[in-house]
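Structure first, commentary second.
The values are calculated or read from the model by the stated rules, or taken from the named source; none is laboratory data. Since we're looking at a predicted model, the values are computed, not measured. Here the Cβ positions follow ideal geometry from the backbone for every residue, glycine too, while neighbour counts run over all protein chains shown.
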Amino acid sequence: MYQAPRGTTDILPEDQDYWVFLEEKISEITRLYGYERIETPVFEDSSLYTRTTGEYTDIVQKEMYTFEDRGGNSLSLRPEGTPSVCRAYIQHGLQNKPQPVKLYYLTSIFRYERPQAGRYRQSHQFGCEAIGDADPALDAEIIDIAWRLYQAAGLQNISILINSIGCRECRPKYLEALKGHYSGKEEILCSDCKTRLVNNPLRLLDCKQPKCQDITDSAPRNIDFLCDECSAHLDKVKEYLVALELPYQLNHRLVRGLDYYSRTVFEVQPEDDRAQATIGGGGRYDYLIEELGGKPTPGVGIATGIERIILNMKKQGVEVPLLPSPRVLVAYMGDEAKKQAVRLTSDLREAGISTVNAASGKSLKAQLKQANTLGVSYTVILGEDEVKNSTAVLRDMTNASQEIVPFNKLLELLK
Ligand code: HAM
């Protein structure tokens, strides 16, 4: 028997309530903030991610689904949405539109991770990107969009963590200090941190291994090394977050696992389950477009995992409205009645009334049972007598009362 590949899930009809609820909220919220939808291909040239997400990140080193196509090109399933959006921004000349260009996506991502609750190999992200403006108010707006979605999803006890990892001018000084702090202590470090010290020192701060904790806890803080511009940018972001009444905490160890960030980085985490299930994360990426060959163009964005939102909603007991069932079932007995039923169903649908035909070859009892299971409000019953007399039986499923009505009055009555 085939099973869905490890780390992937089938989202069955009975699981759709939460998905549809969130999709509707996302479309309301993005409209409210003036973000337009973008869809990019599910795979891209592998080098797009090596150059942006980062050659030494876990995503690129350990998690990408990379394959060679029949033409010998190295392609990768998208592990995240931001690089594709920036590629599309350059490719389609979006810099010629009024800036910032505000885009969102709701799409699948693929990462070869060790599957566990809320961590999948195929998952779904809602992401927003504001490209073409370095205004710190946009950093706050991006956090605000995600926050509004979490509020709409009824999530409690979540917190916004922010940090600044500086820019090209000030970050090298910080990295020097960081490396200085770790150097001579290599022996104590976990094997990942030994590599990080050489390839990706910022990520040292992210290590969760107990043996690295003491060194990490006493590591220098990035904000103490920020240049005046980065410092002023962070102050403004904080001011706007306060103006938006968004509760944030500064977290000196927040560095994010992707390489393209500069200045502000942020994550939203459940208060009781830090690190295990970050709900959303993002930051500013003022060099990314330039690194892809575009003109220097600032950008900021966030992405949030739909599965993680749903996981937290369920954990916190948030219920969503059930999806509406069809209003009418048309039951029938005999060939002639079936023909009329097919026609009536079509007319009712035309009139905007959601209607289904009973399953074929079933007794009337079984058809009524189907109506009950579906939760329809009315069942129309057509049998030989009804066809002969141009009538129908209309059954009100809420109280099981039924009446005989002229066939040509049915549509009006049901409307
Ligand atoms: P990220 O932190 O890698 O950032 O992912 C964002 C969110 O996607 C995570 O917080 C989590 O909710 C969800 N997520 C990631 N991987 C998985 C997984 N394996 N299973 C379930 N959910 C997952 C980014 O992807 C950046 N592109 C965000 C961004 C947008 N930065 C700027 N703009």
When residues of segment 204-220 are limited to those that are surrounded by 15 or more Cβ atoms within 10 Å (Cβ to Cβ) and assigned to a helix (DSSP H, G or I), the one modelled with the lowest pLDDT: Asp206
Test: Ile131 is under 26 Å from Cys227 (Cα atoms), within 12 Å of the ligand (Cβ to nearest atom) and among the β-branched types (Val, Ile, Thr): yes
From the options Ile143, Ile223, Ile188, residue that is touching a Phe, Trp or Tyr at 6+ places or on another chain (Cβ under 7 Å) and either surrounded by fewer than 16 Cβ atoms within 10 Å (Cβ to Cβ) or of a type outside the set (Phe, Trp, Tyr) (or both): Ile143
Failed item, numbered, when Asp144 is tested on (1) within 12 Å of the ligand (Cβ to nearest atom); (2) in the same structural domain as Leu32 (by TED's automatic domain parsing): (1)
Arg121 being more than 14 Å from the ligand (Cβ to nearest atom), touching a residue at least 40 places away in the same chain (Cβ under 8 Å) and within 17 Å of the chain's Cα centre (by Cα): no
Tally of residues being assigned to a helix (DSSP H, G or I) and either within 21 Å of Ala277 (Cα to Cα) or of a type outside the set (Asp, Glu) (or both) across segment 297-355: 22
Selected residue [within 16 Å of the ligand (Cβ to nearest atom) and surrounded by fewer than 18 Cβ atoms within 10 Å (Cβ to Cβ)] from Glu336, Glu291, Glu267: Glu291
Helices (runs of 4 or more DSSP H) completely within segment 13-130 that count 3 or more residues being farther than 30 Å from Asn312 by Cβ: 46-49, 82-91
Residue in segment 82-95 that is closer than 25 Å to Gly293 by Cβ, β-branched (Val, Ile, Thr) and either away from the ligand (no atom under 15 Å from the Cβ) or exposed (fewer than 15 other Cβ atoms within 10 Å of the Cβ) (or both) present: yes
Conditions (1) in the same structural domain as Thr52 (by TED's automatic domain parsing); (2) buried (at least 21 other Cβ atoms within 10 Å of the Cβ); number of the one not met by Gly257: (2)
Residue in segment 315-325 that is more than 10 Å from the ligand (Cβ to nearest atom), more than 30 Å from Ile165 (Cα to Cα) and either buried (at least 17 other Cβ atoms within 10 Å of the Cβ) or basic (Lys, Arg) (or both) present: yes
